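Everything on this sheet refers to the single structure shown next.
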Amino acid sequence: MQSLNLDPTGPTAPVQVSAEALQVVVMGVSGSGKSTIGALLAHSLEIPFLDADGLHPQSNIVKMAGGVPLTDDDRWPWLALVGEALADAGAAGTGLVIACSALKRVYREAILQAAPNVRFVHLAGSLEVLGNRLEGRSEHFMPPALLRSQLATLEELQADEPGFAVDIDQPVLDVVAESVARLAAPALPASVWIAVGRGGLPVVRVDGAAGAAEVYLQGAHVTSWTPSGGAPVLWMSAVSDFAPGRPLRGGVPLCFPWFGALAADPAAPGHGFARLSSWHLVEAGEQGDDVVLVFRLTDSDETRSSAWPHRFEALYTVTVGARLGLSLRVRNLDTTTVTFEEALHTYLGVPDIHDVTVSGFEGLPYLDRLAVPQEQGSDDGPVSFSSETDRIYLGTDADARVSDGAGRTVTITAEGSASRILWNPWTAKAAAMADFGDDEWQAMLCVETANVRDDAITLAPGESHTMSAVITA
Ligand code: TA6
């Protein structure tokens, strides 16, 4: 079963709507790929597919095959059958994807009358793209000559209609991936859209009044943030993986429910499963100049068979504006007390690491993870970097001020977090990592907000904890 979140009424009570209840009309003119993409979409959603071409009376087929456009009167009985099929699927709770041109608003209203929960996915393309598709198509009763009349009849989806348009001028599987992600997403403000990003991974793009950002659904991974009028703040490796189940290198990986390697299970993925998991976007809205996104992850068969098999709900709020707000709330849905580690593993971009200093940690003890055995250290002054650095500061609520040596200072304030981590792999470690460019160590620094080791969080059943950070540049 594919679970989908279609209720954006705030982070406290998202309602899971199963795919079985989904009724989707894949609409568009001839040649837009309704049948192919509809079938693939239904497959992805694991619900039945129906091609409405099969519901046309023979007279319509003959008319179209003869190059004569259908009239409204030709279409009404056909549309009634389409509505009926959707209504039946809704009543049976089976869900349905149906390929149907649904060119006019009145046609769509007729379908909605029969099946009010329908969502429309409009496969949109230019005359050129469609024309090329039709030329390449054989064995279909619809002659390419009817394309222009179809485009003339087409009424685009209006903002008050339930659905969205997807550009077909991209690989078919990307059209499907984008459609699945958008069907699972709540209604989006104009400043937010879902697309298919690198590696075919769904991405949420934000272009708000005070800042722009990108968040991949895999890992609810913020990969870029740029305050309006400013420069990008986060660093991404040019050779990062972008593939299902592979961590992305850069941005803000979300480490949960353990940090680093897991002693109890060395084969377990480093930094936990959260950054490898597909999160749901459950809320998207504008608050003043800020854009607020809420992502949700709950336990799954996969997480329940991991080294941390507990029932949980994680809600991650990303606030995009002149500042970047990141807030992770974890709730224990299990019947036993649970303990976990967490980190916002923030990669900051810097002109040259040699010129960077971090202040706010003066005099604080840290654990040097590179020393063998690991040992304590502390600095009287600001931290500077001249070799591989991997430090954990425990039991602190210090704010970090990162001066990049070229006039920019980034501050990271935090709440609900008692650990800070500083990391730069330098030359050898960078060269040893396949998803990290050999020279890229000079242009980044990780300044992490966390709860690890002795600062790990323990929750009784029903309890929740929130860790948050605000980045200002
Ligand atoms: O946060 C620092 C650290 O734990 C380092 O030890 C280093 O391994 C880094 O994270 C990156 O981890 P990753 O699993 O993303 O390669």
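The values are calculated or read from the model by the stated rules, or taken from the named source; none is laboratory data. Everything numeric in this text was worked out from a predicted model, so none of it was measured. As a convention, Cβ positions derive from the backbone with ideal geometry for all residues, glycine included, and neighbour counts pool all protein chains shown. Note: accessible area is taken over every heavy atom of the protein model, side chains too, but ligands, DNA and RNA are not part of it. Shrake-Rupley method; radii C 1.70, N 1.55, O 1.52, S 1.80 Å.
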Checklist outcome for this item: The residue that is nearest to the ligand (Cβ to nearest atom), considering only those in region 420-459 that are of a type in the set (Asp, Glu) and touching a Leu at 6+ places or on another chain (Cβ under 8 Å), is GLU448
Checklist entry - Of all the strands (runs of 3 or more DSSP E) wholly in region 310-350, which have at least 2 residues that are surrounded by 22 or more Cβ atoms within 10 Å (Cβ to Cβ) and of a type outside the set (Val, Ile, Thr)? => result 312-320, 323-332, 342-344, 347-349
Next on the checklist: All but one of (1) among the basic types (Lys, Arg); (2) without any contact (Cβ under 8 Å) to a residue 40 or more places away in the chain; (3) part of a loop (DSSP other than H, G, I, E, B) hold for ARG137; state the number of the condition that does not hold.
Outcome noted: (2)
Item to check | Criterion: modelled with pLDDT of 90 or more, assigned to a loop (DSSP other than H, G, I, E, B), farther than 28 Å from VAL172 by Cβ and among the hydrophobic types (A, V, I, L, M, F, W, C) - qualifying residue of VAL62, VAL68, VAL29, VAL106 | outcome: VAL68
Next on the checklist: If ARG275 meets every condition in (1) at pLDDT below 95; (2) of a type outside the set (Gly, Ala, Ser); (3) within 11 Å of the ligand (Cβ to nearest atom) apart from one, which number is that one?
Outcome noted: (1)
Next on the checklist: Any residue that is within 16 Å of the ligand (Cβ to nearest atom) and in contact with a Leu (Cβ under 9 Å, 6 or more places away or on another chain) - is there at least one of those in region 202-213?
Outcome noted: no
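If only one of ASP174, ASP207, ASP169 is among the charged types (D, E, K, R), more than 27 Å from LEU127 (Cβ to Cβ) and more than 13 Å from the chain's Cα centre (by Cα), which one is it?
Values: ASP174 fails: more than 27 Å from LEU127 (Cβ to Cβ); ASP169 fails: more than 27 Å from LEU127 (Cβ to Cβ).
Just a single option satisfies the conditions, and that option is ASP207.
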Next on the checklist: I'm trying to understand the selection: among the residues of region 291-310, which are in contact with a Pro (Cβ under 8 Å, 6 or more places away or on another chain) and among the aromatic types (Phe, Trp, Tyr)?
Outcome noted: TRP308
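Of the residues THR396, THR409, only one is open to solvent by less than 20 Å² (accessible area, probe 1.4 Å), more than 13 Å from the ligand (Cβ to nearest atom), among the hydroxyl-bearing types (Ser, Thr, Tyr) and under 18 Å from GLY381 (Cα atoms); which? Spell out the reasoning first.
On the way: THR409 fails: open to solvent by less than 20 Å² (accessible area, probe 1.4 Å).
Of THR396, THR409, the one residue that is open to solvent by less than 20 Å² (accessible area, probe 1.4 Å), more than 13 Å from the ligand (Cβ to nearest atom), among the hydroxyl-bearing types (Ser, Thr, Tyr) and under 18 Å from GLY381 (Cα atoms) is THR396.
Kindly provide the set of residues from region 223-253 that are part of a loop (DSSP other than H, G, I, E, B), more than 14 Å from the ligand (Cβ to nearest atom) and within 18 Å of the chain's Cα centre (by Cα), ordered by number.
Within region 223-253, the subset part of a loop (DSSP other than H, G, I, E, B) is 228-233, 235, 237-249, 251, 253.
Then drop every residue that is not more than 14 Å from the ligand (Cβ to nearest atom), which leaves 228-233, 238, 242-244.
Within region 223-253, PHE242, ALA243, PRO244 qualify.
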Checklist entry - Considering only region 186-200, how many residues are closer than 18 Å to ILE37 by Cβ and either among the aliphatic types (A, V, I, L, M) or modelled with pLDDT of 95 or more (or both)? => result 3
